[in-house]
Structure formats: C-alpha cells, structure tokens
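Before any comments, here is the structure.
The values are calculated or read from the model by the stated rules, or taken from the named source; none is laboratory data. Quantities reported herein were computed from a predicted structural model and do not represent experimental measurements. When we count neighbours, we look across all protein chains shown, and the Cβ atoms used for this are built from the backbone with ideal geometry, even at glycine. Surface accessibility is based on the protein's heavy atoms, side chains included, excluding ligands, DNA and RNA. Shrake-Rupley method; radii C 1.70, N 1.55, O 1.52, S 1.80 Å.
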Amino acid sequence: QVQLVESGGGLVQPGGSLRLSCAASGFTLAYYAVGWFRQAPGKEREGVSYISSSDGSTYYASAVKGRFTISRDNDQNTVYLQMNSLQPQDTAVYYCAADGSGYGSRWPETYDDWGQGTQVTVSS
C-alpha cells in the first residue's frame, strides 16, 4: 500500500518554528518529486515548496522564500519542511504530495499521491 503521512504540525507563536515531516511507505520517495501545499479556510490549495528527484532542485513560493526550507532524508524515506519565522498568515493545513514524473510543480493536479494533512496554527 502506497502511503504518505505528514506530521509535526501544531500551535506555535508568531516568530516560532516548526519542522514538518512527510514519511513514505510502500514506495521509495527518493525517486519522486515531493511538494508541500497548504490550504487555509476559504482559500484554494497553494503550492508552498517542492524538491525534484533528479538533481534535488527546489522551489519556494514567494510568500515563504527565505523562511522555509525543504529537504530529504532518503535513509528515512522522508521529506521535511523546516518553517521558521512563522506568521499568522502561515496558518493552514499542510499537505505533502509525490509526483512520479520526478520534476515537481506548484499545481496540485500534477501530483499522484497525497498525505492526510497536518494542521499548523500560528497564533499568540
């Protein structure tokens, strides 16, 4: 069974940090591009970051560039999203997704497999 599971979300104060994990089972995540997306109430799902499977090139949305970092640990079959300097605008459910093409994109419809999401709330 192919499965992605996000973890690491929670409640954090503005300016704080969280590290989200996307753990894969049933397939080797290193051979897939992995994207992080988020969706806040009443808003469309937006691409946050992705990392390709070939050369490890990365993308960051303008809203998070310089604050978030995507990375892989292939031994753990896991992709991470380190989120620093969090602001209330970052509050959303965060999802990871795997793209078998290996390239990645900021569009949700291009991804094949999705996790269940993890809630991130930034509030004082």
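A 1.4 Å probe, protein heavy atoms only, puts the accessible area of E109 near 140 Å². Looking at the chain alone, DSSP beta bridges between its own residues are antiparallel in about 90 percent of cases.
For a label point 7 angstrom out from the Cα of Y103 toward its Cβ, which stretches of region 40-74 have the backbone nitrogen within less than 17 Å? The answer is 50-60.
With +1 on each Lys and Arg Cβ and -1 on each Asp and Glu Cβ, and nothing else charged, work out how big the dipole of region 1-96 is about its Cα centre, in Debye to the nearest 20. Spell out each step's value before the answer.
Details: 7 positive and 7 negative charges, 43 e Å.
Taking the Cα centre of region 1-96 as origin, the dipole is about 200 debye.
Hey, what's region 1-97 come to in accessible area per residue, 1.4 Å probe, Å²?
Details: 4840 Å² over 97 residues.
It amounts to 50 Å² per residue over region 1-97.
Largest accessible area first, the listed residues R38, R67, R106 line up as R106, R67, R38 when surface is computed with a 1.4 Å probe on the assembled protein chains.
Just round it to a whole percent: the fraction of Cα-Cα distances in region 4-57 exceeding 17 Å. Intermediate values should be presented prior to the final figure.
Numbers: 755 of 1431 pairs.
Pairs farther apart than 17 Å: 53 percent.
Rounded to the nearest percent, how much of the accessible area of region 25-124 (1.4 Å probe, protein heavy atoms only) is carbon and sulfur?
Numbers: 2190 of 5080 Å².
Percent of accessible area from carbon and sulfur atoms in region 25-124: 43.
Viscosity 1.567 mPa s, temperature 4 °C: what is the translational diffusion coefficient of the chain from Stokes-Einstein with a Kirkwood Rh over Cα pairs, rounded to a whole number of µm²/s? Please report the intermediate quantities before stating the final value.
Details: Rh = 14.1 Å.
D = 92 µm²/s.
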